[in-house]
Amino acid sequence: MIINGKEIAKKLRSSIAKQVAKLDRKPGLAVILVGDDPASAVYVRNKDNACKEVGFYSEKINKSANITQTELLSEVERLNKDDKIDGILVQLPLPSHLDANQVIEAINPNKDVDGFHSENIGKLMQNKAYLRPCTPKGVMTMLATTGIDLVGKNCVVVGASNIVGRPMAMELLNARATVTICNSKTQDLSGKLKQADVIVAAVGIPKMIQGDWIKAGVIIIDVGINRLDDGTLVGDVDFDAVQDKAAWITPVPGGVGPMTIATLLENTLTAYTAREEK
Ligand code: NDP
């Protein structure tokens with residue numbers, strides 16, 4: 001069965017829009033885009049459109065690729081102090097002369113709707129999560145729709161980046177699954193995947209995970225977004241090769257991608273509510 005991220009995301013956006021319609025002040029999200037990377041520009045546009053759809057106040061801030069670290073930090077500081085803004089997101093990757101980590105750490109943790117600030121990552125580690133990284137949190141929402149209890153399940157996360165693999169592993173651990181995290185040095189990856197009840201692939205290698213690497217009945221979440229030379233988008237999993245064996249699978253496109261953006265809106269509403277209650 002397909003876990004239809006597009007549909008789940010649509011329902012989440014519609015539920016957020018209903019909540020926003022009742023509010024006196026609109027939740028505000030600011031997205032900073034540095035430079036003119038075309039893929040980043042598309043992500044930022046999609047986020048801005050999603051904000052408008054649910055009735056948020058949205059600020060799309062375009063900065064030149066030549067911006068200095070000091071100028072970028074003062075922009076973040078301005079947004080930290082702006083009462084209209086509940087969530088701040090700096091679109092990654094940043095040009096190589098900028099220190100992304102320092103920029104993320106400059107965001108007020110209560111406005112860190114990407115959930116990347118060390119304070120929010122630390123809370124996730126302690127299973128006291130507040131603002132949780134959007135892609136892994138969106139995956140947990142998708143898994144919940146299957147109705148399958150994750151307690152005691154063998155979960156294998158392929159990929160260990162700070163933005164997907166690591167927080168994903170922590171989300172699954174917090175759900176009391178048994179978690180294996182793999183990286184590019186992992187030995188016998190297919191042997192590990194064959195033991196898995198749940199696989200989350202977040203690598204960035206097109207169709208890497210093959211049909212004979214998995215056991216029947218597995219749940220597969222494909223986070224990968226890879227553009228082939230002919231322009232088509234594919235995941236990290238060979239969808240055609242695994243679909244008859246897997247019990248549940250997410251498509252690419254239309255799987256995790258839309259959930260990441262819907263979860264960003266969810267986090268912004270969470271940050272808004274916390275600020276209003278103060
Ligand atoms: P990164 O490049 O930051 O991390 C990739 C991870 O995969 C690393 O930990 C790397 O290991 C590991 N890896 C590389 N090769 C192998 C291998 N052969 N076997 C096992 N592990 C391997 O990527 P991201 O986490 O940022 O993104 C991963 C994918 O997810 C990309 O396709 C990206 O486009 C997509 N993505 C999708 C999102 C969505 O909303 N759907 C959001 C974010 C990302 P090592 O640590 O050893 O280098």
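The table that follows gives values for the structure above.
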read-out	value
Among the candidates Ile2, Ile8, Ile67, residue that is in contact (Cβ under 8 Å) with a residue 12 or more places away in the chain, among the hydrophobic types (A, V, I, L, M, F, W, C) and more than 28 Å from Pro251 (Cα to Cα)	Ile67
Close pairs (9 angstrom Cβ cut-off, 6 or more residues apart or separate chains): closer than 12 Å to Thr141 by Cβ and part of a helix (DSSP H, G or I) in the range 252-263, open to solvent by less than 30 Å² (accessible area, probe 1.4 Å) and within 7 Å of the ligand (Cβ to nearest atom) anywhere	Val256/Thr135; Val256/Ala202; Val256/Val223; Val256/Gly224; Met259/Thr135; Thr260/Thr135; Thr260/Val223; Thr263/Thr135
Where a residue in the range 219-240 is under 23 Å from Thr145 (Cβ atoms) and touching a residue at least 40 places away in the same chain (Cβ under 8 Å) and its partner, wherever it lies, is within 10 Å of the ligand (Cβ to nearest atom) and assigned to a loop (DSSP other than H, G, I, E, B), with Cβ under 6 Å and at least six apart	Ile221/Thr250; Val223/Val164; Val223/Ala202; Asp236/Val203; Asp236/Ile205; Asp236/Met208; Asp236/Gly224
Total residues in the range 175-186, condition within 11 Å of the ligand (Cβ to nearest atom) and among the hydrophobic types (A, V, I, L, M, F, W, C)	2
In the range 122-148, the residues that are open to solvent by 50 Å² or more (accessible area, probe 1.4 Å) and either farther than 21 Å from Ala9 by Cα or in contact (Cβ under 8 Å) with a residue 60 or more places away in the chain (or both)	Lys123, Met125, Gln126, Asn127, Lys128, Tyr130, Arg132, Thr145, Ile148
Single residue of the range 261-278 satisfying the filter (of a type in the set (Val, Ile, Thr) and buried (at least 24 other Cβ atoms within 10 Å of the Cβ)) that is nearest to the ligand (Cβ to nearest atom)	Thr263
Matching entry among Val156, Val103, Val139 (being under 30 Å from Asp82 (Cα atoms), at pLDDT 95 or above and of a type in the set (Val, Ile, Thr))	Val103
Glu77 exposed (fewer than 15 other Cβ atoms within 10 Å of the Cβ) and at pLDDT 95 or above	yes
Residue selected from the range 187-245 under the condition open to solvent by less than 60 Å² (accessible area, probe 1.4 Å) and charged (D, E, K, R), by the criterion farthest from the ligand (Cβ to nearest atom)	Asp197
Matching option when the condition is in the same structural domain as Tyr57 (by TED's automatic domain parsing) and in contact with a Leu (Cβ under 9 Å, 6 or more places away or on another chain), among Asp82, Asp86	Asp86
Residue count, the range 149-174 (criterion: within 14 Å of the chain's Cα centre (by Cα), open to solvent by 20 Å² or more (accessible area, probe 1.4 Å) and more than 10 Å from the ligand (Cβ to nearest atom))	1
Complete set of residues in the range 21-30 that are outside any loop (DSSP other than H, G, I, E, B) and open to solvent by 10 Å² or more (accessible area, probe 1.4 Å)	Ala21
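The values are calculated or read from the model by the stated rules, or taken from the named source; none is laboratory data. Just so it is clear, the model here is predicted, and its values are computed rather than measured. All Cβ positions, even for glycine, are placed from backbone atoms using ideal geometry, and neighbour counts span all protein chains on display. These area figures cover heavy atoms from the full protein model, side chains too; ligands, DNA and RNA do not enter into them. Shrake-Rupley method; radii C 1.70, N 1.55, O 1.52, S 1.80 Å.
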